[in-house]
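> Provided herewith is a single structure, encoded as structure tokens, for subsequent inquiry.
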Amino acid sequence: MILFSVFLNKLKEKAPEQIVRIANVKDDFFISDIFTNSKYVRNKSVFVCIEGENYDGHQFISESIDKGCVLLISKKEFSDIPNLLVKDPRSLLGIASSIIYENPCDKLLMYAVTGTNGKSTTSFFLKYILDNIGIKTGLLGTILYDDGRYKFEADRTTPEASDIQRYLYIMNKNRCRACVMEVSSHGLCMNRIEGSSYDAGIFTNLSEEHLDYHITMESYFNAKKKLFDKYMKKEWKIATNIDNNYGSKMYEIFNSNAIPYGLNRKNVNCNFFAKNIILENTGSFFDLEINGLFKKFFLPLPGKFNIYNILAAISIVTTQCNDIDKIIDIVKNIPNVPGRFENFYTNSGIHIIIDFAHTPFALLNLLSNIKYFASKRIISVFGHGGGRFAENRKYLGEISSNYADKIILTNDNPRKEDPLSIAYQIYLGAIKNNKKCDISIVLNREKAIELALKFAKQGDIIVISGKGHERKMQLANATIDYNDLDVVKLFCKKNGVFLK
């Protein structure tokens, strides 16, 4: 709860250039919350009118007033209520929210994770280790939001700016000491982390994705770089993957703040270097050189990319805990991350992996790592989202035909595109690369997964990729409930198969 007069004075200090005029204010009053969605507005709330692609917040002013709104922040004047007119409500939203919610970033250790691939897994790893060294940690990311008491299914990777500040405020109330937060390029470009500041950040990698939005890789990189240019606290650190070209570039730019990690010995400046790697289907063994100190680690999740993810988490954790032996014990018990190289086994000896990989880079990482330890066939079930970087489809086909023994192409959020056309573009890429590849098109994703489960035999690995943890399927005219793991579990239940 904050008085309007106090709120306004603080806003003038932090963003004086934004304020155009104050209208309809006669007496002082209290403010308790701030929202951009009118359906959540309650008594003593601020309603911020955001002009989006599909909706204009100014259309919902009357509804907000009816629900107890006491202040509008907008570009247009509305005469029936106290009104703060500003140049850009969206860019001011995070700053205003941080004031209302008592500057929660100042009371938490704040960790931002950005990059193309590995954000969710790295965030889960970092939170798990922090929790287990005694630092209670909240989480905001693609898979879920955890406020230290309750877990919520995430609706986007980086929430709206007002929601971020509210979650951080609640984390404080729930006695969290830290927050790990995935920061997307869209979130950065749309000013969602305005009002936030971070003690440390992780840059996992950068590969071609979201170019329908960013157009060029340079623009995409600069969007990520904005996190470290603008939103870090004093004495901040960046853990960066020095084996990735863009991660190396981050290291060069932010050298004095950087903690480089990687697997490539030619990078002599690597502070956290993994070597003597042994990849198995049950996990990975490696020796970790930490600034000249050698330690043996076991990560109970397979894949070389997961070694990168755990290196990122460890390199940041060591800024808070220098007990490496304790970290080793914690790492060897890290659980599956929902929808990220998530492993299941049937009593008939079939290995099932569910993963979010939906770009060529991610699918290559996924299938090449599985090929390394696969003793029998790899059955790959995947598709590609509609209305997204269609050029990727032929590459997805090429990659799957190089590594999979059986390919089943299916739906993956086709949206308004023709699902068969999407699948056929992938099909052409596969056949052009490998004319002998065994490939089928089954657009119904449930039927595609069932086909894979019926086709598989003992020792085979079924890889279901593209949707991971997601619980919805976006079709042309509807969004339906759907989840890959639910389909697997239902099939196993119906067929008397035990899944562990």
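The values are calculated or read from the model by the stated rules, or taken from the named source; none is laboratory data. Predicted model, so just to flag it, every value in this text is computed and none were measured. Note: ideal-geometry Cβ built from the backbone for every residue, glycine included; neighbour counts use all protein chains shown. With ligands, DNA and RNA removed, areas are computed over all heavy atoms of the protein, side chains included. Shrake-Rupley method; radii C 1.70, N 1.55, O 1.52, S 1.80 Å.
> Look at Ile31 and say whether it is touching a residue at least 40 places away in the same chain (Cβ under 8 Å), open to solvent by less than 90 Å² (accessible area, probe 1.4 Å) and under 22 Å from Gly195 (Cβ atoms).
Taking the combined requirement at face value, the residue satisfies it.
> Now a separate question. Return the only residue of Glu13, Glu53, Glu17 being open to solvent by 90 Å² or more (accessible area, probe 1.4 Å), touching a residue at least 60 places away in the same chain (Cβ under 8 Å) and of a type in the set (D, E, K, R).
Glu17
> Further question: Just the residues that are more than 24 Å from Ile307 (Cβ to Cβ) and in a helix (DSSP H, G or I), please, taken from region 228-254.
Asp229, Lys230, Ile253
> Under 6 Å between Cβ atoms, which residue pairs at least 6 apart in sequence (or on different chains) link something in region 110-122 that is farther than 14 Å from Ile143 by Cα with a partner that is open to solvent by 10 Å² or more (accessible area, probe 1.4 Å) and of a type in the set (D, E, K, R)?
Listed by first residue and then by second, the contacts come to Met110/Asp199; Thr116/Glu209.
> Also: Are there strands (runs of 3 or more DSSP E) fully within region 64-141 with at least 1 residues that are over 28 Å from Leu3 (Cβ atoms) and open to solvent by less than 30 Å² (accessible area, probe 1.4 Å)? List them.
By residue number, 109-114, 137-140.
> Here's another thing I want to ask about it. Residues of region 429-485 being acidic (Asp, Glu) and either surrounded by fewer than 13 Cβ atoms within 10 Å (Cβ to Cβ) or within 29 Å of the chain's Cα centre (by Cα) (or both), which ones? Show your work before the answer.
If we filter region 429-485 for residues that are acidic (Asp, Glu), which is where we start, we get 438, 446, 450, 460, 470, 481, 484.
Answer for region 429-485, where residues must be acidic (Asp, Glu) and either surrounded by fewer than 13 Cβ atoms within 10 Å (Cβ to Cβ) or within 29 Å of the chain's Cα centre (by Cα) (or both): Glu446, Glu450, Glu470, Asp481, Asp484.
> Provide a single number: the residues in region 25-56 that are farther than 19 Å from Tyr101 by Cα, assigned to a strand (DSSP E or B) and touching a helix residue (DSSP H, G or I) at 6+ places or on another chain (Cβ under 9 Å).
Adding up the residues that qualify gives 1.
> Please find, within region 296-316, the residue that is nearest to Ala362 (Cα to Cα) out of those that are free of Cβ contacts under 8 Å to residues at least 40 places away in the same chain and open to solvent by 50 Å² or more (accessible area, probe 1.4 Å). Explain how you work it out, then say what you get.
We begin by selecting, within region 296-316, every residue free of Cβ contacts under 8 Å to residues at least 40 places away in the same chain; these are 296-300.
Still in the list and also open to solvent by 50 Å² or more (accessible area, probe 1.4 Å): 296, 298.
Values: Lys296: 27, Phe298: 23 Å.
That would be Phe298.
> Additional query: Please list, ordered by first then second residue, the pairs with beta carbon atoms under 9 Å, 6 or more apart or interchain, first in region 382-394 and within 24 Å of Asp405 (Cα to Cα), second hydrophobic (A, V, I, L, M, F, W, C) and in a loop (DSSP other than H, G, I, E, B).
Phe382/Ala357; Gly383/Leu443; His384/Ala390
> Sticking with this one: Working carefully through the options Asn336, Asn269, Asn343, find the one that is farther than 23 Å from Asp460 by Cα, out of contact with any Phe, Trp or Tyr (no Cβ under 6 Å at 6 or more places or on another chain) and polar (S, T, N, Q).
None of the other options fit; the residue is Asn269.
> Go through region 145-169 and report how many residues are at pLDDT below 95 and either hydrophobic (A, V, I, L, M, F, W, C) or on the phi > 0 side of the Ramachandran plot (or both).
The qualifying residues number 2.
> One residue is enough: does region 452-459 have a residue meeting the conditions among the polar types (S, T, N, Q) and under 26 Å from Asn347 (Cα atoms)?
Checking region 452-459: at least one residue is among the polar types (S, T, N, Q) and under 26 Å from Asn347 (Cα atoms).
> Condition first: in contact with a Gly (Cβ under 8 Å, 6 or more places away or on another chain) and either in contact (Cβ under 8 Å) with a residue 60 or more places away in the chain or open to solvent by 20 Å² or more (accessible area, probe 1.4 Å) (or both). Can you find one or more residues in region 273-280 that meet it?
Within region 273-280 (the criterion being in contact with a Gly (Cβ under 8 Å, 6 or more places away or on another chain) and either in contact (Cβ under 8 Å) with a residue 60 or more places away in the chain or open to solvent by 20 Å² or more (accessible area, probe 1.4 Å) (or both)), the answer is yes, since at least one residue qualifies.
> Which condition does Leu363 not pass, out of (1) open to solvent by 10 Å² or more (accessible area, probe 1.4 Å); (2) within 29 Å of Leu499 (Cβ to Cβ), if it passes all the others?
Result: Leu363 fails condition (1) only.
> I would also like to ask the following. With respect to Asp323, determine if the residue is touching a Gly at 6+ places or on another chain (Cβ under 8 Å), acidic (Asp, Glu) and open to solvent by 10 Å² or more (accessible area, probe 1.4 Å).
No: the conditions fail for Asp323.
> Only one of (1) of a type in the set (Ser, Thr, Tyr); (2) within 23 Å of Asn365 (Cα to Cα); (3) more than 23 Å from the chain's Cα centre (by Cα); (4) open to solvent by 10 Å² or more (accessible area, probe 1.4 Å) is not met by Ser284, so which one is it?
Looking at each condition in turn, Ser284 falls short on (4).
> Please state which one of Val46, Val25 is surrounded by 13 or more Cβ atoms within 10 Å (Cβ to Cβ), at pLDDT below 95 and within 15 Å of Asn83 (Cα to Cα).
The unique qualifying residue is Val25.
> I want to confirm something. Restricting to region 157-202 and keeping residues that are of a type outside the set (A, V, I, L, M, F, W, C) and part of a strand (DSSP E or B), which single residue is surrounded by the fewest Cβ atoms within 10 Å (Cβ to Cβ)? Can you show your working first?
Restricting attention to region 157-202, the residues satisfying the condition of being of a type outside the set (A, V, I, L, M, F, W, C) are 157-160, 162-163, 165-167, 169, 172-175, 177, 182, 184-187, 191-192, 194-199, 201.
Filter once more, keeping what is part of a strand (DSSP E or B): 182, 198-199, 201.
Values: Glu182: 23, Tyr198: 24, Asp199: 20, Gly201: 27.
Only one residue fits best here, namely Asp199.
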